[in-house]
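Okay, structure first, notes after.
The values are calculated or read from the model by the stated rules, or taken from the named source; none is laboratory data. The structure presented is a predicted model; accordingly, all values stated were derived computationally and were not measured. Glycine also receives a Cβ, built like all others from the backbone with ideal geometry; neighbour counts cover every protein chain displayed. Just the protein is used for accessible areas: all its heavy atoms, side chains included, with ligands, DNA and RNA removed. Shrake-Rupley method; radii C 1.70, N 1.55, O 1.52, S 1.80 Å.
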Amino acid sequence: MSGPAAGTADAATRTDVVCLGESMVTFLPSQPGRLADVPSFGRGIGGAESNVACALAAAGHRAAWVGRVGADGFGDHLVETIASYGVDTSAVRRDPARPTGIYFRTATDRGTDTHEVAYYRAGSAASAMSPSNVPYEELFAGRVLHLSGITAALSADCLALLRDLTAARPGRPLVSFDVNHRPRLWRDGEADASVLLELARRADLVFVGEDEAEEAWGIVGAEAIRAALPEPAVVVVKRGSAGATVFASGLRPGPRSFAAGDAAGDAAGAGSAGAGGAEGADTVTLVPALHVDVVAAVGAGDAFAAGFLSATLRGLPVRERARHGHLMAAAVLTVPGDLTDPPARDHADRLAALDDEAWGRLRLGPGWTAADRAPEEVRTP
């Protein structure tokens, strides 16, 4: 399939970011402990790409989520909940033959040995997504198309879809790709590491954790990760408590590149109409993480991507893009679930503009996003 011609949508009404992927109903434990011991669960939603869409919409952007859900009550709940954040869900498709995916998780951090997740997504409606049944016109209607490696792991058809969407073609929007390496999702025999590297190299903007790059590719260190991903214009290496390192290069001209006055505001955050658009020497920006009183470390990576994309769409400098990523992540880290309202834009802008010393003194805890205070009033150590 081919996408629509560039410039078909009016700039004033065009969607900022379209996110494609599976969203599921998630059941959150009422108390800590093994899944076998938890007596009850509360219902929420979870999905990397829909999380990004919800965060962007809550931050004031025009965001759309494209996915596939069952013709069931869980599908109704997903679509209604995502739409309640202001996300356009009009392109979501219903599958009468396959169910909406669900999963259960424990309250502990995903990175600990005691964390458990029980997925019930095999044969889900989303796993049937393919190049033949998703609305390409809707996917290519935005300034950014955001994808993740999770979708590629769902089925052979989903992988074919990701390969098609990341292929260079006229009219392709900037492609943002979050590696999101989830080894347990991959089918036996799939070369997940090589597939994720292939897809990342075809994108314009890549988010990848330093830990997952080591696990998936055996690559250690931010510089080595950039060397393995030379094509994307921007590579954001997430380094946990150490912060993030952003590698940004110039771009060859492209029919849908982000230029000043369009979205990125500078070549360092721009995207081309096809992969392999990076050219010229990198600028390397290291942005320390915030001190956060963590409630639950779930959804922080999606929130970081949303914050970075939000600031990119606004044309902010690279340092501020990464700082907005950290601030959006801090909002999610200080609540139990995957989603929360982000800080007001002017509040986040004030914090992102702090000097390095003041930024390093910030400590954010539960409720900080609701307090629209001057930077010096934010809780510090």
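Ranking Ala97, Tyr85, Gly73 by Cα position along the charge dipole of segment 33-105, where only Lys, Arg, Asp and Glu carry charges on their C-beta atoms, puts Ala97 farthest toward the positive end.
For Pro288, the shell of other residues with beta-carbons less than 10 Å away shows a net charge of +1, using +1 for Lys and Arg and -1 for Asp and Glu. Averaged per residue, segment 112-172 has 34 square angstrom of accessible surface, using a 1.4 angstrom probe with ligands and nucleic acids left out. Near Ala200: Cβ cut-off under 13 Å, other residues only, Lys/Arg at +1 and Asp/Glu at -1. The net charge is -2. Per atom type, segment 124-172 shows carbon and sulfur on 52% of its accessible surface, probed at 1.4 Å. Put a plus charge on the Cβ of each Lys and Arg, a minus charge on the Cβ of each Asp and Glu, and nothing anywhere else: the dipole of segment 305-349 about its Cα centre is then about 200 debye.
Ranked by the mean number of other Cβ atoms within 10 Å of their residues, highest first, the peptides 315-325, 225-235 fall in the order 315-325, 225-235.
For Ile219, the shell of other residues with beta-carbons less than 15 Å away shows a net charge of -4, using +1 for Lys and Arg and -1 for Asp and Glu.
Taken about its Cα centre, segment 89-233 carries a charge dipole of roughly 640 debye when the Cβ of each Lys and Arg holds +1 and the Cβ of each Asp and Glu holds -1.
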